[in-house]
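Shown next, in structure tokens, is the structure this report addresses.
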Amino acid sequence: MKEINPEHLLDRFSTHLRNVVAKSMALATSLKHELVSPVHLLVAVLEEEGSVAHEILKNAGIKEKDLLALLKNKPILKKDAIKIATLTIPELDARAKQALEKSIMIAYERSHNHVGTEHLLLGIIKNKDEDIAIITKKFKNSKKIVIEEIENILTSTSRFPKVEEMSDIMSQIDDIASQAGPIAPPPPIPLPKTSRHQPSGLELFTTNLTDKSIGKKIDPVIGREKEIERVINILSRRTKNNPVLVGEPGVGKTAIVEGLAKRVCEGKVPDVLKNKKILSLDLTLLIAGTIYRGEFESRLKQVIDEIAKSPNCILFIDELHNIIGAGSSQGAMDAANILKPALARGHLRCIGATTIDEYKKHITSDPALERRFQSIQVEEPSPDDTIDILKGIRKYYENFHNTKITDEAIKSAVNLSIKYIHDNFLPDKAIDLIDEACASVKSKRKTTPLEAKKQKLLEDRDGFFNAKEDAIRQEQLERAIEIKKKIELIEKKLISLHKQIEKSPKIPKKTVSDVHIATVLENKLNIPSETLLASDWEELKILPEKLKSSIVGQNKVIDDVVKKISQARLGLHNGKKPLASFLFAGPSGVGKTELAKVLAKELYHDEKSLIKLDMSEFSESHSTSKLLGSPAGYVGHKERNRFTDEIRKRPYSIILFDEIDKAHRDVAKLLFQILDEGTLTDSSGKKTNFTNAIIILTTNLGAELFQSNGIGFGKNDTQATKERDRSINDKLKEELSPALLNRIGSTHIFSVLNEKDIKKIVEKNIQKISSVLFEKEKISLKTEAPAISNLTKQSFNQEFGARNVEKVIQDTLHELIAGVLQKDKRKKTYTLSKEKSTYKLV
């Protein structure tokens, strides 16, 4: 292996390592040694306090006197040789050079951009040397344990050097060696200055978003002109010129900054921002590898100082809340406290981006930090704006995936993502659907022979790259050179092949349609794509049948409710109010809550789309905070508001206020704003939109009127039913606020369930149990008519409606099935029968 001249690698050496080399040469001079050995280097390491290797040797129990004892046996220069030596600097002997080369190779293998004392120590220990063997035997722990300790440190070591001005190593030797002993070295022989560029802190830890090469890769920003103008205005201020973008994840906060950077790059900004640089700070990179106290603070301080010296630089910190506590440990400052003085004095202009929750939790809790920033609310774009955004970036996805995206696909991506994806926000969730649909189409496209050949060459090239790395590690330079030639040959073939592909006939682009978008969602949600693509009219046509198959005895109510929902879904409603609002009245157990559940499942294909509030929990006036959030100054003010956040997450939902008559009047008044304006303002002043939601209130008021024989209970008497409904409406007006009743779209009074209705419910429950039993145990369950009749009679209760059915079946059928399942021998079919007063499975 060719020898490495340390002088050519000085710019890669850490300050500690350069000090060690200088001290070792000074030590050799003072001891009248012609050459510097590995032992000289170890003595210098022990003298270099604060270095990693110094700490390792110290912990290993190595003392300087032990090392100096080994050096006493080294040959001393004769008097004539001393005169010559005073004109030169001691050179490294073969073993020291080997150790240094080894340390450089160790740093290279780990992709470290600098060589430190820890690399040198490992290189010395791993080299075969008699003197070093003697030293390693004196380690407190075994040589293997010390090597493992160094390896662990190297694994966590930063991949970037400390960015410091590197003074000439020879002047260090002059300073150190002059203090080392009676013999001082002569003035240093000047070495040629290295021409290697030393990277600054900004180059290492930031990305220049206004760089033309990066600007080309940034997608255009559409529909955010207002927010970008606001950022420009704040940046142009004399003081407090630090904007922070606050919004939900995926609404495009980072894209706004990238859009501004693109404008700066293209010169489409006011003169005050022309020629500015927007630098994105990589906080993770800044912290990575900082294993000693002060390293992180030093790096961040350096970045701040460099920006202060460059007034054209604007710092961008994505996920701004991460600066709270970043890099802090016992006795250390976090990034926020380091940034505050620079922000306060105006030395630093900074753009931040964070989510609403994190801003509340971290930034507003630190008033000193909050007042340094001017917040800009970034709202989720409307569906129409999102469609424009997707059309604007369509060509980038078409070029990347080699596909054609239709307008129908874009509209479906927006509409379906709003309706079915609730853990993200527009435009991000719609873009995700488009991207995945394109990827799905692309993956099914057959590769051409030329493309297959290109792929094979790329794989071969990657394999040769790895082989070359292995050869370099094993110091097999001749083999590495041969592999390099093979790589160059492949590169030439790839260039030639690329030209052939360019000239060959283009494969027609495959089209991405709304069907592909629905298929992506089908795989995610397990909802058939046909259902997802069905029009509102098609869904609404079959909705009454689906509801009636689940809800028994309320056909008139179902027809009326579906009619109202159909009118609203087809656009025949006030767009500033909720989609529809209903009050369901009637006795307990007749299906009021169940209808709300089934509506959520059938309309939105997700049972979680029902947001249920039990109003018995809101019987006190202070319980309004459960809906609006805690007022300022109270515990929980900065926390998430579960109710409004759930509505923002699921704008297409059914909101059920169960037993509204039990709520406190102050709580009920909150419904005025929802029903009137379709919005609700929470304690933090943020409005929540209810215009896509269906509001359902339930109540048991007037239930006693259903038990009165005077109004024709149990009879098909239209007049009696009208009188009953009138009496119940009067009762509702007495107990509930007229202002609330007038704001509700329509009131529906549920009928009591008769014995026939209960029988249907019993049969449905038994059918469900039968299906589960056959699916899990492959046992068929049949029922005899007398058994059904008796279960119906036991379950029938005018006061509780269908609530008694489940209890009766559980007490009878569940116990019988459990007994059958415990038997070793089972039949394939069982029949539920009633003999005298007992039920049996035979």
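The values are calculated or read from the model by the stated rules, or taken from the named source; none is laboratory data. Just so you know, these numbers come straight off a predicted model, no measurement behind them. FYI the Cβ positions are ideal-geometry reconstructions off the backbone, even for glycines, and counts take in every protein chain you see.
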For this session: Among the helices (runs of 4 or more DSSP H) lying completely within region 493-598, list those that include at least 2 residues that are surrounded by 16 or more Cβ atoms within 10 Å (Cβ to Cβ), touching a Leu at 6+ places or on another chain (Cβ under 8 Å) and in contact (Cβ under 8 Å) with a residue 24 or more places away in the chain.
Result: 514-525, 536-550, 555-569
Problem set entry | Subset of region 666-688 [within 16 Å of Ser623 (Cα to Cα) and of a type in the set (Gly, Ala, Ser)] | Ala668, Ser683
Problem set entry | Residues satisfying the stated conditions in region 415-471, i.e. within 26 Å of the chain's Cα centre (by Cα) and modelled with pLDDT under 80 | His422, Asp423
Problem set entry | Residue tally, condition of a type in the set (Lys, Arg) and on the phi > 0 side of the Ramachandran plot, over region 372-424 | 0
Seminar exercise, completed: Subset of region 599-618, residues in a loop (DSSP other than H, G, I, E, B) and farther than 16 Å from Ile647 by Cβ, comes to His605
Problem set entry | Subset of region 94-123 [hydroxyl-bearing (Ser, Thr, Tyr) and under 35 Å from the mean Cα position of the chain (by Cα)] | Tyr108, Ser111
Seminar exercise, completed: Out of (1) under 24 Å from the mean Cα position of the chain (by Cα); (2) modelled with pLDDT under 85, the one Gly331 does not meet is (1)
For this session: Would you kindly identify the helices (runs of 4 or more DSSP H) lying entirely within region 17-71 that contain at least 2 residues that are over 44 Å from the mean Cα position of the chain (by Cα)?
Result: 38-47, 64-71
For this session: Name every residue in region 651-674 that is closer than 16 Å to Leu628 by Cβ, part of a helix (DSSP H, G or I) and not acidic (Asp, Glu), in order of residue number.
Result: Arg665, Val667, Ala668, Lys669, Leu670, Leu671, Phe672, Gln673, Ile674
For this session: Tell me, please, whether a residue that is part of a helix (DSSP H, G or I) and under 16 Å from Val20 (Cα atoms) can be found in region 139-151.
Result: no
For this session: Filter region 717-739 for residues that are surrounded by 17 or more Cβ atoms within 10 Å (Cβ to Cβ) and not in a helix (DSSP H, G or I) and give the result.
Result: Leu736
Exercise. What number goes with the only condition from (1) out of contact with any Asp or Glu (no Cβ under 9 Å at 6 or more places or on another chain); (2) among the basic types (Lys, Arg); (3) over 24 Å from Glu775 (Cβ atoms) that Lys793 does not pass?
Worked result: (1)
Exercise. When region 820-832 is examined, which residues are found to be surrounded by fewer than 17 Cβ atoms within 10 Å (Cβ to Cβ) and either in contact (Cβ under 8 Å) with a residue 12 or more places away in the chain or in contact with a Pro (Cβ under 6 Å, 6 or more places away or on another chain) (or both)?
Worked result: Val820, Leu821, Arg826, Lys827, Lys828, Thr829, Thr831
Exercise. How about region 33-71: which of its residues are hydroxyl-bearing (Ser, Thr, Tyr) and in contact with a strand residue (DSSP E or B) (Cβ under 6 Å, 6 or more places away or on another chain)?
Worked result: none
Seminar exercise, completed: Picked from region 124-146 (must be among the hydrophobic types (A, V, I, L, M, F, W, C) and surrounded by fewer than 17 Cβ atoms within 10 Å (Cβ to Cβ)), the residue farthest from the chain's Cα centre (by Cα) is Ile134
Exercise. Which one is farthest from Leu390 (Cα to Cα), of the residues in region 506-565 that are in contact with a strand residue (DSSP E or B) (Cβ under 8 Å, 6 or more places away or on another chain) and modelled with pLDDT of 85 or more?
Worked result: Val557
